[in-house]
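Undergrad: Below you'll find the structure I mean.
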Amino acid sequence: MKRIFALILAVLCLSLTACAEEKDEPPKRSLVFEGEVLEEHTAPAAVPEFSPAHGGTAVSHSLLENGSVMQEEIAVSGAVQTGFFCNVMDTDGNLLLSLRPADDLKHNLSSYNVTAGDNFALRDAMTDSDGYIIVTTAGLCAYDTAGAVRWTIEDRDARDVILYEDNLLLLCGGTEETLYTVDSADGTRRKVPLTGEMQNIFGSVGDGDILFAGQDNALYTANDTGLYRITLTEKKKAPAAHTEQIAGWMSSGILSSSILSLTVENENSLLLNLRDALSGDDVFMRYTAVPPDRVPEVEYIVLAILSTQDDYNLPVFAFNRQSENVQVLLKDYTVYEEDRRYLIFNADMAAGNVPDMVVMWQNGNTDNTISNYERTDIFADLTSLMKEDNDFDYDGLLNYVTKPYQWDNGEQYLFPIRPQFYCLLGSEDVFDGPVTMDEYLDLCEAGRYAASANRRLFMSALDDHCDERTAECTFNDGTLAAQMNRADSMKDNPNTMPTAYLSLPSAYLYAYAERMMEHAGTMIPIGLPNADRELNVEDAGTEFFAVMKASANKAAAVDFLGYLMEENAPDTEIVHHEYIEYGAYFFSPPMGYTYRRGDIYKQLAVYEGKTFVVSGALVSLYDDDDPALQTADGIPLKLTEEHADAFCALLDGITRRVNEGSPVQRIFWEEFRAMEGRSVESLLDMLQSRVSIYLAEKMD
């Protein structure tokens, strides 16, 4: 798999240079729709709810094609489901029919533990010419008009069913979404291969089904990206389907999560009930397709999403609304399974479909995927781009989002949108800053501190013995072996030297000050011991932003990066939440990520005249003149300028991030895990051999 990935990246590098100047053929459709508000409209009819017909718990309701209502009902005893019904009722609540699952589905349904009120068993319901069909968490079940079971399909991945042009279509999820035709007579199903622009298109917006027919009798589906038409065909007497995107939500100024209901009049006209994401107002609109030659002349830039950590729809929507000249379009690769999305991304770029910018997630410090991309020379230098943008304020950036990510030539290809790291702290009574490995071991020995030869302690020291630029390594020169043996000799010592790990998944001031307060005395950052006494930290899972070297819109991409940083910076509002268990209020610090020094001092200003009281996991915030502060149970903590200065110094002082996913660290970890029965010297000899081979191959 590693060889295949390397080959793909090599082909990708050659392809990007050749195709960067090529122009894509103009699309047949622009995917852009423009909207007009319809002042008078009839809201979609609400599905009536009735009391359960059997005295159980009514869970969900669906409006059927014949105007009746399907009501799911479960009976529970304690937390265990004891019965399941699907009741067909008229709009006045009169019971027309009660459907019970077939025997082979009863076991699956009764095996779940559900509580009253869970929307659990019923996924979809419909009528056909012979009766009723329901989709549950156990599969598909068809009934005749008298309620007798006609046939069943046991499949827990069944998601949606629709009768379209005499075809009963079933959509199943699981590891890969699959479309089937189902014979309504006996339940036999056949897979429908999908061709076209995109196969993983199935989603849901508003209150609509996943599969639905438009008023033009065409078959459609909608997801977070846009609206798609599905055309059924026959190939060699076998069913097939072709997919084509009709509308793009973001390019039409629509946020998918704001869609309350969607009606397709035809491929060029949509009716949408929307709840404005920024104002919260509901509005009914008709959207009409804009021909390619009438699309407004704005600069479109494409953001490729390969990270599932955050939803980028809202920030892109908000950016587009306030930007007159630049609009961001989303290309979401997270609709694909994780092991496929990067392969599809590579294939798209090799074919010339290169985005302007990309967001990727580094899944912990053992994930080397992003580093592989970084080495292929497909990303643009962000340092020069950020400095050239007069509105970006590059000089105000804290060093920890720039220096650790810069290469020897000063160029930076990845920007940490969500920077996260671990940093070792030590008491200022013992440490005066970062130390070498020998100095750290001297202090451990004097303080009788346990310091076994663990991977974390020696992460930065390993890099001291390896220079990838010159392909030289000195793991077996005796120095590292002596240090590891010395550390291991102290593994049973009592832990008396005050140290702690500072984890900053969100770099906000309160988290730093509260962590400092947890330990006796003042804690200062010492990082990972290393020969240069620099503040090296252990990398953690981080979300990165990059601009593609082949992009013709690099300046606009940096503008969007600046907007993301403003949106992600810590809030300047104080939020309280009611903690029901204690009947009290606890403080919720402003979440966000600190990129600039000014972000820290803005946080300090928020808490002027206020004091925290920390009692275990419970944190309260009081005005300084509040009498309750004097009797509050806990340790008082008041943020000061000294906290802000020290926090700035910490983030500015970080020199390097050490990543366990680097090739040298991975080789060490593999040998370390297999160390049982071997000496440290034997481990380092093997490390020397393997890393030397790796460096020689890399130089070639």
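Undergrad: By how many nm would the segment from Glu468 to Trp407 grow when fully extended, if each residue of separation counts as 0.36 nm and the alpha-carbon distance is taken off?
TA: Gain on extension, Glu468 to Trp407, equals 20.7 nm.
Undergrad: If you don't mind, there's one more thing I want to ask. Lys/Arg Cβ at +1, Asp/Glu Cβ at -1, dipole of region 269-368 taken about the Cα centre: which of Val335, Phe317, Tyr287 is farthest positive-ward?
TA: Tyr287
Undergrad: How far apart, in nm, are two points set 7 Å out from the Cα along the Cα-to-Cβ line at Arg29 and at Ser384?
TA: 4.1
Undergrad: Please work out the FRET efficiency for the pair Ser615 and Glu428, using the Cβ-Cβ distance as r and a Förster radius of 30 Å; give the result to the nearest 0.05. List each step's numbers first, then the result.
TA: On the way: r = 26 Å, r/R0 = 0.86.
Working from the Cβ atoms, E equals 0.70.
Undergrad: What nm value, rounded to one decimal, do you get for the distance between Glu244 and Ser682 when each label is placed 7 Å out toward the C-beta?
TA: 6.8
Undergrad: From the cross-link list Lys191/Lys331; Lys491/Lys638; Lys403/Lys491; Lys331/Lys387; Lys387/Lys638, which pairs have alpha carbons spaced over 31 Å apart?
TA: Listed pairs above 31 Å: Lys491/Lys638; Lys403/Lys491; Lys387/Lys638.
Undergrad: Sort 149-161, 388-400 for me by packing, meaning the mean count of neighbouring Cβ atoms within 10 Å per residue, highest on top.
TA: Final packing ranking: 149-161, 388-400.
Undergrad: Heavy atoms only, probe 1.4 angstrom, no DNA, RNA or ligands counted: give me Ser252, Ser692 ranked by accessible area, highest first.
TA: Ser692, Ser252
Undergrad: I would also like to ask the following. Sum up the charges of everything whose Cβ sits under 11 Å from the Cβ of Leu274, counting Lys and Arg as +1 and Asp and Glu as -1, but leave Leu274 out. Working shown, then result.
TA: Numbers: positive: Arg275; negative: Asp276, Asp281, Asp282.
Cβ neighbours under 11 Å give a net charge of -2.
Undergrad: With a probe of 1.4 Å, find how much accessible area region 217-322 has per residue, and write the answer as a whole number in Å².
TA: On a per-residue basis, region 217-322 sits at 43 Å².
Undergrad: A follow-up question, please. With Cβ to Cβ distances under 11 Å as the rule, what net charge do the other residues near Arg486 carry (K, R +1; D, E -1)?
TA: -3
Undergrad: I want to check the label-to-label distance for Asn325 and Tyr300. Put each point 7 Å from Cα in the C-beta direction and report it in nm to one decimal.
TA: 2.0
Undergrad: Right, next: Leu64 to Leu343: FRET efficiency via 1/(1 + (r/R0)^6), r the Cβ-Cβ distance, R0 25 Å, to the nearest 0.05?
TA: 0.05
Undergrad: Given a 1.4 angstrom probe, what's the average accessible area per residue across region 589-700, in square angstrom? Intermediate results must be reported in sequence, preceding the final value.
TA: Working: 5580 Å² over 112 residues.
I get 50 Å² per residue for region 589-700.
Undergrad: Just how large is the dipole of region 278-420 about the Cα centre, in debye to the nearest 20, putting +1 at every Lys and Arg Cβ and -1 at every Asp and Glu Cβ?
TA: Dipole magnitude for region 278-420 comes out near 300 debye.
Undergrad: Can you give the local net charge around Met686? Use residues other than it whose beta-carbon is closer than 13 angstrom to its beta-carbon, Lys and Arg +1, Asp and Glu -1.
TA: Charge balance near Met686 sits at -1.
The values are calculated or read from the model by the stated rules, or taken from the named source; none is laboratory data. For clarity, every value in this text was computed on a predicted model and none was experimentally measured. When we count neighbours, we look across all protein chains shown, and the Cβ atoms used for this are built from the backbone with ideal geometry, even at glycine. We work out accessible area using only protein heavy atoms, side chains counted, and drop any ligands, DNA or RNA first. Shrake-Rupley method; radii C 1.70, N 1.55, O 1.52, S 1.80 Å.
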